[in-house]
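To start, the structure under review is shown below, and the notes come after it.
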């Protein structure tokens, strides 16, 4: 997959998008630097002609922002997007007009993306008018009818004079698709195109999109949180987490054999329609951190079940995972006197330190991933964890500092000795099981070339 | 004996111009003590309306047109752990009580219904799995629920119970003094469950408990629901459009379409042995992440207009197998097990696997045909 045998239509090179970069009043008063939301960070990928590429991830991962940049709704803060050999940032006015014809978008909500006061004909013919396509009204009308028939609204004549309010959700989304197709584009970004539709209607819209791909010779970027849809629709998929693409490659391979621990958790979490099947649950602790201040190194490392201990760590990996979690809890200021609120215990006592460690070293994950005698209510017995003695001392000291809300001192105790590579270095893409994974678990130098993958669909 | 017995229930909405919308029509099913029953269907099928009607929480223009909701519990003999009656005695003389002690919830007046809510049947509304009040301590929210619904409870006792409840759902007792933002994602949902269980209800209704949640949080919610089923002996009624969520949480299911119950059965019967053409269509169109699917099959057409439904099977216009009598009358629920004889009787309430289809005796054959694309395409051509 590293070899470039495809015909790239879109190249995304080191693209980042930061929102909210201006200095607000609060920031000025407190003399703070603005902390922008890092919606997308240093993403690179290549989309070949005729591919269906999926972008999946949880809300806030940056998948929609990435799609919006590809249709030039807003420019990237850093990096470059190249469409058919041309940089988006260097387009002349006439280049841009051409680009707007060749690249279209299908939005999530057909109840909001169509003008309720325009008839189906007006909605579908409008892009032709804007783009100076079709000389006469009759020509534009004929083209609209042709496309409406193609999207399954046939006979189209019946729909021409209807308003969106008179159509069902599935019909509206077909109108939205017709509106995108009428200018005969090359590339379509579809952002959650069926998430507002009922299940029985969904399949027909998905099938339509697949059928139209051949007919109109389309390339798609399919953005969705629904992994089953991603599997059904796409040839290749990028999984995003906090603005990064963490894994990229052949969709079937990613689903059946995920390499990145986040990808694995994501697929573990999908419920199955089989009453006789016991599913493995996702082994992820905590919540998605703020994109204003993402964790260092691999952004997933504080939640990762497989975070890599440094060579100096003499305990086991499970204990190390808890150690890292405790440290990031301090960074987030989540561990402190508040953790023991309501308990009658002297905050300076050894008892308080013991309690805070028991509680904060326990994993908040489904039972199958916890130790036998561990529970979120009782915490975990620290003695049972395989922690090196010095690490235990570090934790005790840090807990004591945290109880005094002295977080800087607490964090200073951690030093470099037990710092994971996952926290110190951002993992670049490397090849694992035939695809690109941004995870230190896999050998090999990060792939510095910006091309991440190419099509395997028509091999 | 069943905990809840819904008998020929019909619910309608008045609209400005035109006949009332028949959101739920002639629905029958039972919920047994301690079991989890799922109502599954697409938007507009009536599942949420049905859930709301059980607790008289319908919008102003909604009303129960006919039928009964028999409930075993609104009686003094339903005692709490100390043997004390849980409710002030509802004047049962005023209400229809059956010989077996079941009482019709649709007949209760406002103040009596208030006693049923939360104490007998608690509701976890849509979207609330992630929505605790941010400005009250979590424990205080539980205390408030207890003290409103059980006015005799002392503050101290209520606080103790709130802590007990949190402990039972796997949250440390002293976290009761935390605010919701101090809870992790999984803990928030467990706290919502503790809140629903505040008055030890015999049943909990959860409306779309996982909709709009991200997949990892959804996984936590499903885990929390499973623990709740193990820890408490309350029955559950789960309402959802997501058949995968249903398959993981429910003992028995009812599939709704166009205000009607189309099929009922255990989760295995519904998912391994689907016996109604609508259920077959729904499963065809549901993408799964487990296996490569060549082509999903959608159900052509759109759901019926419930303000003026035709005298026919609600699904007939979209059904590839509809014939003759399907266009005369909506079918009752037939027993699936009885095979070709099944259609001679309407299924009795004890019957587990039932299907509202006149052709249920040919279901094996229909099941095979339903997997072929041309079967469904022919509807577009004929109708």
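The values are calculated or read from the model by the stated rules, or taken from the named source; none is laboratory data. On a predicted model such as this, the values are computed, not experimentally measured, just so you know. Cβ atoms come from the backbone with ideal geometry, glycine included; neighbour counts cover every protein chain shown.
The conditions of being away from chain B (no Cβ under 14 Å), crowded, with 20+ Cβ neighbours inside 10 Å and touching a helix residue (DSSP H, G or I) at 6+ places or on another chain (Cβ under 7 Å) are not met by residue A:266.
Every residue, every condition in (1) away from chain B (no Cβ under 14 Å); (2) surrounded by fewer than 20 Cβ atoms within 10 Å (Cβ to Cβ); (3) touching a strand residue (DSSP E or B) at 6+ places or on another chain (Cβ under 9 Å), yes or no:
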{"position": "A:149", "(1), (2), (3)": "no, yes, no"}
{"position": "A:165", "(1), (2), (3)": "yes, yes, no"}
{"position": "A:169", "(1), (2), (3)": "no, yes, no"}
{"position": "A:173", "(1), (2), (3)": "no, no, yes"}
{"position": "A:176", "(1), (2), (3)": "yes, no, yes"}
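Can you find even one residue in segment A:56-70 that is away from chain B (no Cβ under 14 Å), touching a helix residue (DSSP H, G or I) at 6+ places or on another chain (Cβ under 7 Å) and touching a residue at least 12 places away in the same chain (Cβ under 8 Å)? The answer is no, given that none of the residues of segment A:56-70 is away from chain B (no Cβ under 14 Å), touching a helix residue (DSSP H, G or I) at 6+ places or on another chain (Cβ under 7 Å) and touching a residue at least 12 places away in the same chain (Cβ under 8 Å). On inspection, residue A:282 passes the criterion of being surrounded by 21 or more Cβ atoms within 10 Å (Cβ to Cβ) and in a loop (DSSP other than H, G, I, E, B).
Checked across segment A:79-90, the condition of being closer than 23 Å to residue A:202 by Cα and touching a helix residue (DSSP H, G or I) at 6+ places or on another chain (Cβ under 6 Å) holds for no residue. Under the condition of being more than 8 Å from chain A (Cβ to nearest Cβ) and part of a loop (DSSP other than H, G, I, E, B), the residues counted in segment B:180-191 number 1.
Just one of the listed residues (B:57, B:75, B:39) is at pLDDT 95 or above and either in a strand (DSSP E or B) or on the phi < 0 side of the Ramachandran plot (or both), namely B:39. Within segment A:358-382, the set of residues being over 21 Å from residue B:185 (Cβ atoms) and within 14 Å of another protein chain (Cβ to nearest Cβ) comprises just one member, A:358.
For the residues B:284, B:273, the requirement of being within 9 Å of chain A (Cβ to nearest Cβ), within 14 Å of residue B:371 (Cα to Cα) and over 20 Å from the mean Cα position of the chain (by Cα) singles out B:284. Would you check if there is a residue in segment B:227-236 being closer than 26 Å to residue B:116 by Cβ, more than 14 Å from chain A (Cβ to nearest Cβ), buried (at least 23 other Cβ atoms within 10 Å of the Cβ) and in contact with a helix residue (DSSP H, G or I) (Cβ under 8 Å, 6 or more places away or on another chain)? So far as segment B:227-236 goes, yes, one or more of its residues are closer than 26 Å to residue B:116 by Cβ, more than 14 Å from chain A (Cβ to nearest Cβ), buried (at least 23 other Cβ atoms within 10 Å of the Cβ) and in contact with a helix residue (DSSP H, G or I) (Cβ under 8 Å, 6 or more places away or on another chain). Regarding residue A:170, is this residue on the phi > 0 side of the Ramachandran plot, in the same structural domain as residue A:70 (by TED's automatic domain parsing) and in contact with a helix residue (DSSP H, G or I) (Cβ under 7 Å, 6 or more places away or on another chain)? So residue A:170 fails the test.
The listed residues are B:253, B:261, B:282, B:297, and the only one of them that is assigned to a helix (DSSP H, G or I) and in contact (Cβ under 8 Å) with a residue 24 or more places away in the chain turns out to be B:282.
Being out of contact with any strand residue (DSSP E or B) (no Cβ under 6 Å at 6 or more places or on another chain), without any contact (Cβ under 8 Å) to a residue 12 or more places away in the chain and assigned by TED's automatic domain parsing to the domain that holds residue B:32 is a condition met by no residue of segment B:156-164. Just one of the listed residues (B:177, B:242, B:207) is touching a residue at least 24 places away in the same chain (Cβ under 8 Å), surrounded by fewer than 24 Cβ atoms within 10 Å (Cβ to Cβ), touching a strand residue (DSSP E or B) at 6+ places or on another chain (Cβ under 6 Å) and at the interface with another protein chain (Cβ under 9 Å from one of its Cβ atoms), and it is B:177. Total residues in segment B:148-171 satisfying the condition of being in a helix (DSSP H, G or I) and over 24 Å from residue B:54 (Cβ atoms): the figure is 13. Taking the conditions (1) out of contact with any strand residue (DSSP E or B) (no Cβ under 7 Å at 6 or more places or on another chain); (2) closer than 18 Å to residue A:70 by Cβ in turn, residue A:186 satisfies each one other than (1). Residue B:103: at pLDDT 85 or above, in the same structural domain as residue B:65 (by TED's automatic domain parsing) and surrounded by fewer than 22 Cβ atoms within 10 Å (Cβ to Cβ), yes or no? Taking the combined requirement at face value, the residue does not satisfy it.
Set side by side, the residues A:385, A:330, A:361, A:340 differ, and just one is within 30 Å of residue B:163 (Cα to Cα), in contact with a strand residue (DSSP E or B) (Cβ under 9 Å, 6 or more places away or on another chain) and either in contact (Cβ under 8 Å) with a residue 60 or more places away in the chain or crowded, with 19+ Cβ neighbours inside 10 Å (or both), which is A:361. Listed by position, the helices (runs of 4 or more DSSP H) contained in segment A:190-262 that have at least 2 residues being more than 14 Å from chain B (Cβ to nearest Cβ) are A:199-216.
Contact map, segment B:97-111: residues that are over 12 Å from residue B:53 (Cα atoms) paired with residues that are modelled with pLDDT under 85 and in a helix (DSSP H, G or I), Cβ distance under 8 Å, separation 6+ or inter-chain. Pairs shown: B:103/B:92.
Set side by side, the residues B:182, B:167, B:157 differ, and just one is modelled with pLDDT of 90 or more and surrounded by fewer than 19 Cβ atoms within 10 Å (Cβ to Cβ), which is B:157. Would you say residue A:97 is surrounded by fewer than 17 Cβ atoms within 10 Å (Cβ to Cβ) and in contact (Cβ under 8 Å) with a residue 12 or more places away in the chain? Yes; evaluated as a whole, the condition is true for this residue.
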